[in-house]
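The values are calculated or read from the model by the stated rules, or taken from the named source; none is laboratory data. Computed from a predicted model, the values in this text were never measured in an experiment. Don't worry about glycine lacking a Cβ; one is built from the backbone with ideal geometry, like all the others, and counts go over all protein chains shown.
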């Protein structure tokens, strides 16, 4: 039975159920008497058990089965929920999450052994106690008893074997396969016989092919059988190899194995339905012949699951309507062309432009997912960190429904984890220090998300120590990164931005969380790769806030096309504040940086041709009036000097590839309408 077609559904649904389990576990920890939370966790565990059992993932199925047993005791009030039970359930969650992630990457279960965890659960059920006994054994569970016998005394099954094409079986034997008849007897205590049978079928099919079963597969699926069934099995595995397959499967009383080599010389032709069996045997033979080591790869090389996005049906309907409109416009333009009538072509092109814009917006919405899928992992993380650091932390999340491009959501998790860990470790004080400062005994970390124009803003704010510029300045000088005089000329804002220097950390003590020389430069570089920016706002003694601005999408953007010499470049429109002209005579030099007083503020001037090394400063052209594009990075502004403007255009971002990645100030490239290529400038890297 090939389960690959169901793998993506299994992964997606398992992740959703685990996310639900994580949330309910956190709620149960805060309200241990709420039986509804226990019922919900039981339901999730039961669902995952059934899904994983059907897919053949025995470790996941066995662990969730033992979870059910413990939760059943809680539901029947035989034991109460306490911290020990909560911690065990969180361990189960971590193990399940790890297995699902491994399955997503490899399409098979990992070798990670969770026997100790399973035994903890069994000990709770056995003793009906919610405290650790200290006697939990780590011995492996009893394996299924295996007996090899010479005959299988089921006449009905022998008749079915005869009805299977003997020529097919002989081909299999000639190709080096062995035909086995296997009788499986399940334990009397087995509750889900059908699920256990499917686990057995899938485990066998990883190493061979099940040609026939008695009762039939349909009867087994409907649990229309007693505690035993028989299969006709073709494989290159030895009897010992088959025993090992069954050793990893629980709830089996014993198995009987017989080598089927007594095949008659003449049999009736196989029925049409058996042709697929012949094809399967031939394919198996070809797979083995192409393997030097004789190992069976046909089943093990499963394709890696692809990432998916669940889409609302209304959005798909909108896409369908827009595609229909495109077909209508295409037909209209063909008619204008055939009639040699160009008068209405302009109207058709304008109509086409409106549709493509709407289509772009619709596709964008399909790609958009709420940041909730990232935020939901943080309550558990904050809970664990608070326990490790002996701090009381309250995490407040708002704006989880804010939507952002799927690719952005996948990449933003690591920077947010780093910032939240920093807030808890560096920012939030100990309970004693907070009491001395008149603060609540628990620290608060606020995680917010909200849209802002073509950007999404994510804020991580804490009410802790704040960032002390004096401490940062002293650390910079002690590390030899800057001199005392250089630091004195910096504003508090500029000193705070020194936190983003590679390898910079203010931690005095090396811990598992921080102080290992990996500072906020990791966060900044990751966000810069996404075309975003990060800004720091801090008040010493009151707290700090990190503000991340990210583009809604990484695929199609609005851009301002400019000329530098004869080359075209693109500036993302969401970074542009305004466009103006300035007099060259109004430019001054301040600390080796050209600046101009613009609207009562000092505006740094950046000459694009010199930054991109198109011209050297000595070759600078003297013009009385300069065209300046004022760009914004957070709360900072800078003026980019360009030769001339072309206009606004919608562009598709293309990667420069591995050979050209990492070029300063260049975010990618785009293909123009005439087939030419224009580089996309990233203003966030210019200042």
Open item on the list: I'd like to know if segment 52-64 contains one or more residues that are crowded, with 16+ Cβ neighbours inside 10 Å and more than 30 Å from residue 234 (Cβ to Cβ).
Closed with: yes
- [ ] Would you mind finding the one in 91, 97, 109 that is in contact with a helix residue (DSSP H, G or I) (Cβ under 8 Å, 6 or more places away or on another chain), surrounded by 14 or more Cβ atoms within 10 Å (Cβ to Cβ) and not in a helix (DSSP H, G or I)?
- [x] 109
- [ ] Return only the number of the condition from (1) in a loop (DSSP other than H, G, I, E, B); (2) within 16 Å of the chain's Cα centre (by Cα) that residue 9 does not satisfy.
- [x] (1)
Open item on the list: Just checking, does segment 31-49 include any residue being within 26 Å of residue 126 (Cβ to Cβ), part of a helix (DSSP H, G or I) and free of Cβ contacts under 8 Å to residues at least 12 places away in the same chain?
Closed with: yes
TODO: Being touching a residue at least 12 places away in the same chain (Cβ under 8 Å) and assigned to a strand (DSSP E or B) is the filter here, so list the residues in segment 669-687 that pass it.
DONE: 669, 670, 671, 678, 679, 680, 681
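Yes/no matrix, rows are residues, columns are (1) touching a strand residue (DSSP E or B) at 6+ places or on another chain (Cβ under 6 Å); (2) at pLDDT 70 or above; (3) closer than 30 Å to residue 210 by Cβ; (4) in the same structural domain as residue 30 (by TED's automatic domain parsing):
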| position | (1), (2), (3), (4) |
| --- | --- |
| 295 | no, no, yes, no |
| 299 | no, no, yes, no |
| 306 | no, no, yes, no |
| 325 | no, yes, no, no |
| 330 | no, yes, no, no |
| 342 | no, no, no, no |
| 354 | no, yes, no, no |
| 357 | no, yes, no, no |
| 384 | no, yes, no, no |
TODO: Just give me the residues in segment 72-119 being more than 29 Å from the chain's Cα centre (by Cα) and more than 23 Å from residue 388 (Cα to Cα), in sequence order.
DONE: 72, 73, 74, 75, 76, 77, 78, 79, 80, 119
Open item on the list: Restricting to segment 417-435, give me the number of residues that are crowded, with 17+ Cβ neighbours inside 10 Å and either assigned to a loop (DSSP other than H, G, I, E, B) or free of Cβ contacts under 8 Å to residues at least 60 places away in the same chain (or both).
Closed with: 4
TODO: State which residue is nearest to residue 375 (Cα to Cα) when the search covers only segment 388-416 and only residues that are assigned to a loop (DSSP other than H, G, I, E, B) and under 26 Å from the mean Cα position of the chain (by Cα).
DONE: 400
Task: Extreme residue, surrounded by the fewest Cβ atoms within 10 Å (Cβ to Cβ), among residues of segment 188-214 that are under 14 Å from residue 242 (Cβ atoms) and in contact with a helix residue (DSSP H, G or I) (Cβ under 7 Å, 6 or more places away or on another chain) - done: 203
Task: Single condition residue 401 does not satisfy, out of (1) farther than 27 Å from residue 17 by Cβ; (2) touching a strand residue (DSSP E or B) at 6+ places or on another chain (Cβ under 8 Å) - done: (1)
TODO: Determine whether segment 600-608 contains at least one residue that is in contact with a strand residue (DSSP E or B) (Cβ under 7 Å, 6 or more places away or on another chain), free of Cβ contacts under 8 Å to residues at least 40 places away in the same chain and surrounded by fewer than 17 Cβ atoms within 10 Å (Cβ to Cβ).
DONE: yes
Task: Matching residues, segment 215-234, being touching a helix residue (DSSP H, G or I) at 6+ places or on another chain (Cβ under 9 Å) and either touching a residue at least 60 places away in the same chain (Cβ under 8 Å) or part of a helix (DSSP H, G or I) (or both) - done: 217, 220, 221, 230, 232, 234
- [ ] Determine whether segment 191-211 contains at least one residue that is at pLDDT below 80 and in a strand (DSSP E or B).
- [x] yes
